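Engineer: Please read through the structure below; I'll follow up with questions.
The values are calculated or read from the model by the stated rules, or taken from the named source; none is laboratory data. Note that the structure is a prediction, hence the values are computed from the model and not measured. Reconstructed Cβ throughout: ideal geometry from the backbone, glycine too, with neighbour counts over all protein chains shown. Side chains are part of the model used for accessible areas, which takes the heavy atoms of the whole protein and leaves out ligands, DNA and RNA. Shrake-Rupley method; radii C 1.70, N 1.55, O 1.52, S 1.80 Å.
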Amino acid sequence: MTTLLEGVCFMGRISVPPRSATHRMLVPALAGLSILVLAGCGTGPGTAVSGPSASVSASHSGDPGAGTPTASPTDIPVAAAGGPSAAALMVCSKEIQEKIVQILALASAPGNGATWADKLFTCTYALPAGSLGLSVKEAADPDAAHAYLQELQRSTAGAAPIEGLANLGFPAFQTPASAVFVKDNFVLTVDAAALPEPLGPHQVTRAAFAYQVATTVLACWSE
């Protein structure tokens, strides 16, 4: 599993097995295009994460502190009880922001804002063409995370499993505009449904873009 992730991180390309639904969805959009993932992330699980342009709004059911003023992720102790973990905060970090800029060849870094409720951390990037949503569900354990993924896949229109080398050894599924992966007790979702297609100078589909961003986060989590 680690070897596959390192291959993505340093080789920059990934093979997709033929004759699969995922192959048909990904390959046309990825033809001639490298999967752009971080060769080195500044942080990993258990490390403080910086999100320079993000604001986090906390909303906890029954929590008397709900509705408190927003705060930057740098102001939120990563290890604070009830708060998002460092791994979850990674989706709103400077590294991921810069990778989105690189993939889409944006003129400037997109702004982002985030929420934390019911163990779900969501970071929304305001791109010129629309919004991009990244979220991390923190389940109690890997089994609970896998069950969450299965229920999400059953309830999501157009969902198809990502199989073979393309899933990097993790349970995963994809739609024409999103990619969802499970690693340990985390369920990562990248949702590009609010964006048009094709995207960026390489004219990739939303599915391919979501997959690229998701594998970037997974590569960071592996470090």
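Engineer: Any residue that is part of a loop (DSSP other than H, G, I, E, B), acidic (Asp, Glu) and at pLDDT below 90 - is there at least one of those in segment 72-86?
Structural biologist: no
Engineer: A follow-up question, please. Given the criteria touching a Phe, Trp or Tyr at 6+ places or on another chain (Cβ under 8 Å) and either open to solvent by 50 Å² or more (accessible area, probe 1.4 Å) or within 25 Å of GLU151 (Cα to Cα) (or both), does LYS119 qualify?
Structural biologist: Against the criterion (touching a Phe, Trp or Tyr at 6+ places or on another chain (Cβ under 8 Å) and either open to solvent by 50 Å² or more (accessible area, probe 1.4 Å) or within 25 Å of GLU151 (Cα to Cα) (or both)), LYS119 does not qualify.
Engineer: Something else now. Check whether at least one residue in segment 149-159 is within 17 Å of the chain's Cα centre (by Cα), under 18 Å from ALA88 (Cβ atoms) and assigned to a helix (DSSP H, G or I), and report yes or no.
Structural biologist: The answer is yes, given that some residue of segment 149-159 is within 17 Å of the chain's Cα centre (by Cα), under 18 Å from ALA88 (Cβ atoms) and assigned to a helix (DSSP H, G or I).
Engineer: Let me ask something additional. What about LEU149, is it within 19 Å of THR122 (Cα to Cα) and buried (at least 19 other Cβ atoms within 10 Å of the Cβ)?
Structural biologist: yes
Engineer: Considering only segment 160-171, state which residues are in a helix (DSSP H, G or I) and under 21 Å from CYS220 (Cβ atoms).
Structural biologist: Those that are in a helix (DSSP H, G or I) and under 21 Å from CYS220 (Cβ atoms): LEU165, ALA166, ASN167.
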